[in-house]
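Novice: The structure under discussion is supplied below as structure tokens; questions concerning it will follow.
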Amino acid sequence: MHPLVELTHTMIAAANDGDWPRLASLTQERHAQLLEQFAEQIPPQASRDAERLILELQSLDRELQGLCDSARKAMVGEMKQLRRGARATRAYGTIASNEAP
């Protein structure tokens with residue numbers, strides 16, 4: 001397995017674990033490796049291998065993007081619930097202070 005593919009699988013595992021700091025670090029590492037991998041013009045005899053690598057990375061990136069999108073949506077939902085809870089707490093506090101003698 002190509003090192004970039006292995007690294008991308010590690011990134012997917014970090015996303016599945018909700019380890020966002022690790023995912024961010026791995027993303028930077030992969031970016032550097034991608035720049036190194038494709039810094040030079042690809043010789044014609046290696047173009048098929050490069051194409052397969054790119055297609056595999058694109059497929060894995062779609063999977064990773066889906067995981068990140070799902071986590072973001074879940075976090076947005078949690079934040080909305082927290083805001084609702086905070087509003088309810090404030091409202092209760094206002095009512096309670098208005099009813100106090």
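Novice: Quick check: the angle from helix 3-17's long axis to the longest principal axis of the chain, C-alpha only, nearest 10 degrees?
Specialist: Between helix and principal axis, roughly 10 degrees.
Novice: Could you give the length gained on full extension between His2 and Glu29, defined as 0.36 nm per residue of separation minus the Cα-Cα distance, in nm? List each step's numbers first, then the result.
Specialist: Working: separation 27, 0.36 × 27 = 9.72 nm, distance 1.47 nm.
The His2-Glu29 span can extend by a further 8.3 nm.
Novice: If you place +1 on the Cβ of every Lys and Arg and -1 on the Cβ of every Asp and Glu, how big does the dipole about the Cα centre of the chain come out, in debye to the nearest 20? Walk me through the numbers on the way to the answer.
Specialist: Numbers: 12 positive and 14 negative charges, 168 e Å.
I would put it at about 800 debye.
Novice: Which order do peptides 54-64, 30-40, 6-16 fall in by mean Cβ count within 10 Å, highest first? Don't skip to the end; give the middle numbers.
Specialist: Numbers: 54-64: 13.9, 30-40: 11.8, 6-16: 17.2.
Ranking the peptides 54-64, 30-40, 6-16 by packing returns 6-16, 54-64, 30-40.
Throughout, read-outs are computed from the coordinates displayed, never taken from laboratory work. It should be emphasised that the depicted structure is a prediction, and the values quoted were computed from it without experimental measurement. Methodologically, a virtual Cβ is constructed for each residue, glycine included, from the backbone with ideal geometry; neighbour enumeration extends over all protein chains shown.
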